[in-house]
Amino acid sequence: MFNLRGITDKEKIILDMKLMVEREEICYIVRNNEYKNALFSAVCGWEPMAAGEGSLNGRKWLNISLDEKAIQFRRTAGIASRDYKLFSHMNCKRNIMISDELDGDRHDFKLYRKYVTIFFLDKLSEKQPKELSECQYAQVLLARSFWKRKSLVIIDGLFDNMLEEERDEFIFMIRNAVQEFHTSVIILAAKDCTHFEVNKKYLFCNGKLIPQKVFQSIIRTI
Amino acid sequence: MSNKEVPSAVQKLVHRNFKTNKGKNLLLIAIIVLCSTFYSIFTIIPYNEYKNLERYTQHKNGTSADIVINDLKDEQIPRLKAWDTCTLLGESLFVSEAENEELGNQDTEIRYADNEYAQFFYSFPTVGNMPQAEDEIAIGTKTLRKLGVSPQIGNTVTIVWNEGGEQFKAEFKVVGFWNDDDELETRYIWVSKNFAKSYKSGNTVGIKIDDNTNVTDELEKIVKDFDLQDGQYYLTQINYCSIAVEILLDFTTWIALMVVFIISVLMLGSVQQISISGNTAFYGRLKAMGAEEKQIRRVIWKELWLVLAVSLPIGLIIGWYTGYKLVPNMIRGSFSYVELYYNICILIIPAILTIITVFISNFKKIIDAGKIDIEQAFKYKVNGDNEPIREKKYPGFPILFQMSMDNLSRYKKRSRIGILLIIIGLVWISSFYVINISFDENKYLAVTRISDYSLNSNDMSDDAMGSASLEEYADFLFGHEGITDHGKLYLQGYDEILPEKVSNRIVNYYESNNRERLKYMSYDPVWIQQYNQMKKNGKCRYQIWGIDGLVIDAIMEQGNLISGTFNKDEFMTGKFVIAQGISGDEGLDEEEPTYEVGEKILISGKEYEIMAIADVPYSIKQNVKSSSAGFELSFFLPSKEFGSLFPDTNAQKLFFNIAEYADSSISKILTKIEQDQGFTFTSDNQIIQQYHNEVFAQNGVEMLVGYALILAGMVQMGNSIFSSIINRKKEFFLMSRIGMTQKQIKIMLILESLTCIAISLISSYILGLAIINFFIKFYISSQWAMTYNFSISPMLILTPILLIFAIVLPMLAYRWVINQEMHIQSLEGE
């Protein structure tokens, strides 16, 4: 379970967050570009918090050293973002399993086969990143973020520019992975993709994170 | 927006960028300082070499005047002074030759001279004045000491001279003196004008001709206009062109300048390229704000000229001081002494060279920077030098090493120059180090000395007739305890008419191959004058040497024999002489001609037979001045026979070997003799010191260039490592966010730089060993004072330094990047 209650003063905007994501739950946050970096950094734990606390499966999430955070990400959390590029000199398979190498572990090829099935990687494994299309690139990024049954995966703007069918395919993949690996997922997206069936939904309003239901009741009141 | 104006917003960005690029600008300053320093050094050294050679040649000529005219009528002097191309005229009245016995055969003229004439002949008083009253003289310190008077104003000295067959003697008060120049053949005693006039002496003038005029043509006009007779005038102007050519043909300077130029262009270009790549976004922003290509270029040029304005004066100042410190050790040649010639204008050359270097190294890069595409500028690059990525696999290697290898291939253009410079530098230094340590002191000593000690008289020339007091010291020294072996050297020079066959031999030698050898000697007008005289009337200078003891043994070593045989018993009979020959590299055709073995020679009226032609060890004749500029023939006789021919001539030089225990006591005695009498002595220690100076003079520049190459390589590699880390700071954050720890990133960066250094070192070792074992070994075997001595010590010493450099630098750079990023984040937070 991912739980975050904090205030960040990034860019002089108070961002009061109360974000809770249960296991196997997909939290969908629609946000506008203004708060993109602040929200993403706060959720990932990169942004120093002015106040508050966070935990992942009961373990401290905020206010730990950079190296601890790196190891924590490597072992328990993953990020899928277009900014977090694949290493151009490694094939997709090695890119997905890179955390094993960084940890000094052997590759778990049995587990990898499972990933191939969930993320449709059969034709991509041996390819180099430069040989991938945009969608295929996103697929590999997604697989990398889930590698080794991560507890939390944060997906940032991965399918903002995709067609609806493509997005559906990705949501399908994510949902399968969540069920298979019991992961909590936070999706940050620019557009409100209401047709997705997701467990929870948050929206931004005046720099604050508000649950979709509360937001809709506010709108109705207005 | 006009082309010339840069909008204020752009101006602000430029200032901000200048501050942001502090590191790069400091690096550029360091490189330009180094570059201009080396340019200055390599300008100051040849300049001083030229000036010293010019001085040496002028001193050998005896004057700095272009033309000297004797016996000019009084009324002609003002007319000559008013001659349109005459810039300076010095006037003198000849009285007589000084005939004091103490002066021996030293040419010493008594004259009146005005200030200009005294300066022309390098004999202007540095203490006191020129004489005004009839009982006053100005005189050189060496002449004074010979006359037994200490150089002090007010002291009196007795001068003897001859006038019309009658000898005169008078006492004069010293009113001025100067240090006699060792390179001058004739010395002067200046008297007052009134004193000189009373002797009805002839006028002599020295004139300087306008620099833009051809002196030979001008002399012809003067001769015609003043109706001068042959022998009444002579041209002394030196052949500047020949001196300049001699300096320009010293390829070491050219190589050094080329190396400095290439290194500087590579380094400056690389730093600028990296800086431009790093500032792509900035230039894109400028363009987006409306700046034109020209304006962007102007921004970069402006920044560069500012850096140049700071660094160039620093480099020139450092170069000036270092250059003048190095001049005494770097200048090669047979000068009696090396003088420093300060000329601030000479710095124009290194300044221009530096500006050209900066311009050439940056021109294309800045042109390209102006052409930057806005979209490209803001795009995040992952492909380093924009080269296509090829798949590489390094199975079994840890991922960090693999990543570091990949990163290296991304930035290979940048690393390549650094690696190349380090390789060249290491190989260069190792090669010259081997040359340095292969100089063999023992071989050098074997050739440059024939005994442990030698003691020279204070006037070693072929007309000085030796020194009576040296003869007395010889008796004292040779009887001293600890002296194991000794010998004396006598010398007497005189002019003799050469047999026709000998003179023909000499003429053929110098005038064959289209007068090639004669043309080579044209830099020395006195030599040419002697040669022409020999050609005209057969008159040639003979140097007759008397030898005994260990000097005979030294000459008769079998290695010195060019032709004939050495038979000491026959030689001691006094019927034979040994002629000096100079062996050439390519057989008999290359030998300087003299008499041949078996031919008869008349010396001072007595006939001798040439027993052998020998290559006489240099150390025997060392420090002896030739009155004929080296154009003479030398013959060696036993000293007993020499004494019968020249009974008044004393020893010029003593040689002796000593037992080890007596070394310090003999050394003390010789030091005291040197202080009291002005005799100079030479010991093994002095020769070894001189040898080290020569080694430094030969290899000093090369070693400096080698160190500069390594330094340049390290700076270039450091710059490449540093800038690649700065450029990738975003990448490092992404790496850490997908799970790479700081330690892992640091290890990856260290592996990158270690790989570069490892490539450099391995290549240097392979290439260095090959070059040392083949080329250097071959070169050393062809050198007379060298014994091949293998070593790769410089590489072994520099290896750990380079490895430490490769570990420390990326760590520092990474820490700096992280601190900068944190600083930026904290500023953004505010």
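The values are calculated or read from the model by the stated rules, or taken from the named source; none is laboratory data. Keep in mind it's a predicted model, so treat the numbers as computed, not measured. Cβ: placed from backbone, ideal geometry, glycine included. Neighbour counts: every protein chain shown. All accessible areas refer to the heavy atoms of the entire protein, side chains included, with ligands and DNA or RNA removed. Shrake-Rupley method; radii C 1.70, N 1.55, O 1.52, S 1.80 Å.
Quick notes on this structure:
- In the stretch B:726-741, the residue that is surrounded by the most Cβ atoms within 10 Å (Cβ to Cβ) out of those that are farther than 17 Å from residue A:64 by Cα, at the interface with another protein chain (Cβ under 9 Å from one of its Cβ atoms) and of a type in the set (A, V, I, L, M) is B:735.
- Any chance residue B:745 is at negative phi, in a helix (DSSP H, G or I), surrounded by 20 or more Cβ atoms within 10 Å (Cβ to Cβ) and more than 14 Å from every other protein chain (Cβ to nearest Cβ): no
- Failed item in (1) part of a loop (DSSP other than H, G, I, E, B); (2) within 14 Å of another protein chain (Cβ to nearest Cβ); (3) aromatic (Phe, Trp, Tyr), with residue B:790 passing the rest: (2)
- When restricted to residues that are in contact with a strand residue (DSSP E or B) (Cβ under 8 Å, 6 or more places away or on another chain) and open to solvent by 30 Å² or more (accessible area, probe 1.4 Å), the stretch B:440-462 contains 6.
- Selection count, the stretch B:241-282, where residues are in a helix (DSSP H, G or I) and open to solvent by less than 30 Å² (accessible area, probe 1.4 Å): 20
- Of all residues in the stretch B:320-335 being surrounded by 15 or more Cβ atoms within 10 Å (Cβ to Cβ) and part of a loop (DSSP other than H, G, I, E, B), the one that is modelled with the highest pLDDT: B:331
- Scope the stretch B:341-372; condition of a type in the set (D, E, K, R) and buried (at least 16 other Cβ atoms within 10 Å of the Cβ); matching residues: B:365
- Of the residues making up the stretch A:97-143, those that are in a helix (DSSP H, G or I), within 14 Å of chain B (Cβ to nearest Cβ) and open to solvent by 70 Å² or more (accessible area, probe 1.4 Å) number 2.
- The C-beta contact set for the stretch B:34-57 (first residue farther than 16 Å from residue B:255 by Cβ, second residue of a type in the set (D, E, K, R), distance under 7 angstrom, 6+ apart or interchain) comprises B:52/B:339; B:53/B:246; B:55/B:339; B:56/B:183; B:57/B:524.
- Annotation: residue A:93 fulfils all but one of (1) more than 10 Å from chain B (Cβ to nearest Cβ); (2) surrounded by 14 or more Cβ atoms within 10 Å (Cβ to Cβ); (3) under 20 Å from residue A:154 (Cβ atoms); the unmet one is (3).
- Condition check for residue A:78: more than 7 Å from chain B (Cβ to nearest Cβ) and more than 26 Å from residue A:162 (Cβ to Cβ): no
- Restricting A:69, A:60 to those that are charged (D, E, K, R) and more than 9 Å from chain B (Cβ to nearest Cβ) reduces the list to A:60.
- Residues of the stretch B:530-552 classified as touching a residue at least 60 places away in the same chain (Cβ under 8 Å) and not in a loop (DSSP other than H, G, I, E, B), total: 14
- Close contacts from the stretch A:120-131, counting a first residue that is without any contact (Cβ under 8 Å) to a residue 24 or more places away in the chain and a second that is of a type outside the set (Asp, Glu) and surrounded by 14 or more Cβ atoms within 10 Å (Cβ to Cβ), with Cβ to Cβ under 7 Å and a gap of 6+ residues or different chains, come to A:122/A:116.
- Scanning the stretch B:89-118 for residues that are within 13 Å of residue B:189 (Cα to Cα) and open to solvent by 40 Å² or more (accessible area, probe 1.4 Å) returns B:94, B:97, B:99, B:107.
- The set of residues in the stretch B:225-240 that are part of a helix (DSSP H, G or I) and at pLDDT below 80 contains only B:240.
- If you go through the stretch B:555-569 and keep only what is open to solvent by 10 Å² or more (accessible area, probe 1.4 Å) and either more than 18 Å from residue B:596 (Cα to Cα) or under 37 Å from the mean Cα position of the chain (by Cα) (or both), you end up with B:556, B:557, B:558, B:559, B:560, B:561, B:562, B:563, B:568, B:569.
- Considering the stretch A:54-90, the residues that are in a loop (DSSP other than H, G, I, E, B), under 30 Å from residue B:409 (Cα atoms) and of a type in the set (Ser, Thr, Tyr) include one that is most open to solvent (accessible area, probe 1.4 Å), namely A:88.
- A count restricted to the stretch B:594-648 and to residues that are closer than 29 Å to residue B:187 by Cβ, at pLDDT below 85 and among the β-branched types (Val, Ile, Thr) stands at 3.
- Lone qualifier among B:511, B:516, B:496, B:471 - being closer than 25 Å to residue B:547 by Cβ, open to solvent by 30 Å² or more (accessible area, probe 1.4 Å) and in a helix (DSSP H, G or I): B:471
- Only one entry in B:373, B:459, B:440, B:385 is at pLDDT below 75 and under 28 Å from the mean Cα position of the chain (by Cα), namely B:459.
- Of the residues making up the stretch B:412-424, none is open to solvent by less than 20 Å² (accessible area, probe 1.4 Å), touching a Phe, Trp or Tyr at 6+ places or on another chain (Cβ under 9 Å) and either modelled with pLDDT under 80 or assigned to a loop (DSSP other than H, G, I, E, B) (or both).
- Filtered by the rule that a residue be part of a strand (DSSP E or B) and open to solvent by less than 10 Å² (accessible area, probe 1.4 Å), the stretch B:66-88 gives B:67, B:68, B:69, B:72.
- Of all the listed residues (B:668, B:625, B:606), the sole one being within 19 Å of residue B:548 (Cβ to Cβ) and open to solvent by 40 Å² or more (accessible area, probe 1.4 Å) is B:606.
- Summed over the stretch A:118-169, residues that are modelled with pLDDT under 85 and among the hydrophobic types (A, V, I, L, M, F, W, C) total 4.
- Identity of the residue in the stretch B:130-150, modelled with pLDDT under 90 and touching a Gly at 6+ places or on another chain (Cβ under 9 Å), that ends up nearest to residue B:67 (Cα to Cα): B:142
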